[in-house]
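Novice: The structure is given below, and queries will be raised subsequently.
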Amino acid sequence: MSLFDMFSSNKDNGKSVEELIRLGYTAHQNKEKFEAIKSLEEALKKIDAHSPKHILNELFNIKLFLGVNHKRAGNYQKAYSYYLDILKLVQHPDDACEAHNAMGKISYLSGRRDEAIRHYLSALENANDENIKMNLLHHLGHAVLDLGDARHIPVALKPQIVEYRKSINGEAHNYDSQLVQPYVQHGLEAINPNRR
């Protein structure tokens, strides 16, 4: 059973926590950011320490998806707050990787270079899949290069910064996938300066 289907059988005229979570997860999956925010924030208001364990176990995902959808809506500070919350809810390395990756992206979008780099490095420490590691190195490379001294950014890459920002913000974009490897190289150099 998928995460998005988990709550499909518990309905209470659209007002129960379970139904709000299900609606929020479905809206998130369908990239309906405002509906996802509305449903998940309503659900969050109804959750407290006395909520059933299966609901409390969803707090990480609820807050993660709220952060993602606020990011998509351009509410970077709100997304940042939700991502800070999920850092406190981390239970295992996969959660840590996901939480730090999210913090890296929102920090990048907010122009916080050092914070973005720190979170991408933390995500890398918790990543257990080579594809995820390459993706994180790509993001790390963007944080290092794009948010650094603009004089060091090759002219050919500057127009792609806007496209990259769109891509991590969930917007339509024309990011040149051939740039992934050069940015991965910048990420590797950030990890090990002796590779230069």
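The values are calculated or read from the model by the stated rules, or taken from the named source; none is laboratory data. Everything quoted here is computed from the prediction, not taken from an experiment. Backbone-built Cβ (ideal geometry, glycine too); neighbour counts: all protein chains shown. All accessible areas refer to the heavy atoms of the entire protein, side chains included, with ligands and DNA or RNA removed. Shrake-Rupley method; radii C 1.70, N 1.55, O 1.52, S 1.80 Å.
Novice: Are any residues in the range 168-179 outside any loop (DSSP other than H, G, I, E, B) and surrounded by fewer than 16 Cβ atoms within 10 Å (Cβ to Cβ), and if so, which ones? I'd like the intermediate steps shown before the answer.
Specialist: First, pick out the residues of the range 168-179 that are outside any loop (DSSP other than H, G, I, E, B): 168, 177-179.
If the condition is that a residue be outside any loop (DSSP other than H, G, I, E, B) and surrounded by fewer than 16 Cβ atoms within 10 Å (Cβ to Cβ), then S177, Q178 are the ones that fit.
Novice: Within the range 3-28, which residues are open to solvent by 20 Å² or more (accessible area, probe 1.4 Å), at pLDDT below 70 and within 18 Å of L59 (Cβ to Cβ)?
Specialist: L3, F4, M6, N10
Novice: Here's something else I'd like to know. Being assigned to a helix (DSSP H, G or I) and acidic (D, E) is the filter here; which residues of the range 130-155 pass it?
Specialist: Across the range 130-155, the qualifying residues are E130, D146.
Novice: Do we find that Q77 is modelled with pLDDT under 95, within 26 Å of H139 (Cα to Cα) and either in contact with a helix residue (DSSP H, G or I) (Cβ under 9 Å, 6 or more places away or on another chain) or of a type in the set (F, W, Y) (or both) in this structure? Even if it seems obvious, please write down each step before you answer.
Specialist: Values: modelled with pLDDT under 95: no; within 26 Å of H139 (Cα to Cα): yes; either in contact with a helix residue (DSSP H, G or I) (Cβ under 9 Å, 6 or more places away or on another chain) or of a type in the set (F, W, Y) (or both): yes.
For Q77, the condition - modelled with pLDDT under 95, within 26 Å of H139 (Cα to Cα) and either in contact with a helix residue (DSSP H, G or I) (Cβ under 9 Å, 6 or more places away or on another chain) or of a type in the set (F, W, Y) (or both) - is not met.
Novice: Further question on the same structure: Can you report the number of residues in the range 133-159 which are at pLDDT 90 or above and not aliphatic (A, V, I, L, M)?
Specialist: 7
Novice: Tally time: how many residues in the range 92-111 are assigned to a loop (DSSP other than H, G, I, E, B) and without any contact (Cβ under 8 Å) to a residue 24 or more places away in the chain?
Specialist: Residues that pass the stated criteria total 1.
Novice: Are there any pairs, at least 6 apart or on different chains, whose C-beta atoms fall under 9 Å, with the first in the range 162-181 and free of Cβ contacts under 8 Å to residues at least 12 places away in the same chain and the second of a type in the set (V, I, T) and open to solvent by 70 Å² or more (accessible area, probe 1.4 Å), and if so, which?
Specialist: Cβ pairs passing all conditions: H173/V162.
Novice: So how many residues does the range 91-117 have that are over 25 Å from E171 (Cβ atoms) and either buried (at least 24 other Cβ atoms within 10 Å of the Cβ) or touching a helix residue (DSSP H, G or I) at 6+ places or on another chain (Cβ under 8 Å) (or both)?
Specialist: Of the residues in that region, 5 qualify.
Novice: Something else: If only one of A190, A143, A156 is of a type in the set (A, V, I, L, M) and closer than 21 Å to V68 by Cα, which one is it?
Specialist: Unique residue meeting the criteria: A143.
Novice: Same structure again: Output the number of the condition that L140 fails; it satisfies all remaining conditions of (1) open to solvent by less than 30 Å² (accessible area, probe 1.4 Å); (2) aliphatic (A, V, I, L, M); (3) under 22 Å from F60 (Cβ atoms).
Specialist: So the condition that L140 fails would be (3).
Novice: Could you tell me whether A190 is out of contact with any strand residue (DSSP E or B) (no Cβ under 9 Å at 6 or more places or on another chain) and without any contact (Cβ under 8 Å) to a residue 40 or more places away in the chain?
Specialist: no
Novice: As an exercise: evaluate H54 against (1) open to solvent by less than 30 Å² (accessible area, probe 1.4 Å); (2) farther than 25 Å from R165 by Cβ; (3) part of a helix (DSSP H, G or I) and give the number of the one condition it does not meet.
Specialist: Single failed check for H54: (1).
Novice: For the range 60-79, which residues satisfy the criterion of being without any contact (Cβ under 8 Å) to a residue 40 or more places away in the chain, in a helix (DSSP H, G or I) and within 19 Å of S167 (Cβ to Cβ)?
Specialist: Scanning the range 60-79 gives L64, G67, H70, Y76, A79.
Novice: Has the range 113-123 got at least one residue that is assigned to a helix (DSSP H, G or I), modelled with pLDDT under 95 and not small (G, A, S)?
Specialist: Narrowing the range 113-123 to residues assigned to a helix (DSSP H, G or I): 113-123.
From what is left, the residues that are modelled with pLDDT under 95 are none.
Checked against the condition, which is being assigned to a helix (DSSP H, G or I), modelled with pLDDT under 95 and not small (G, A, S), the range 113-123 yields no hits at all.
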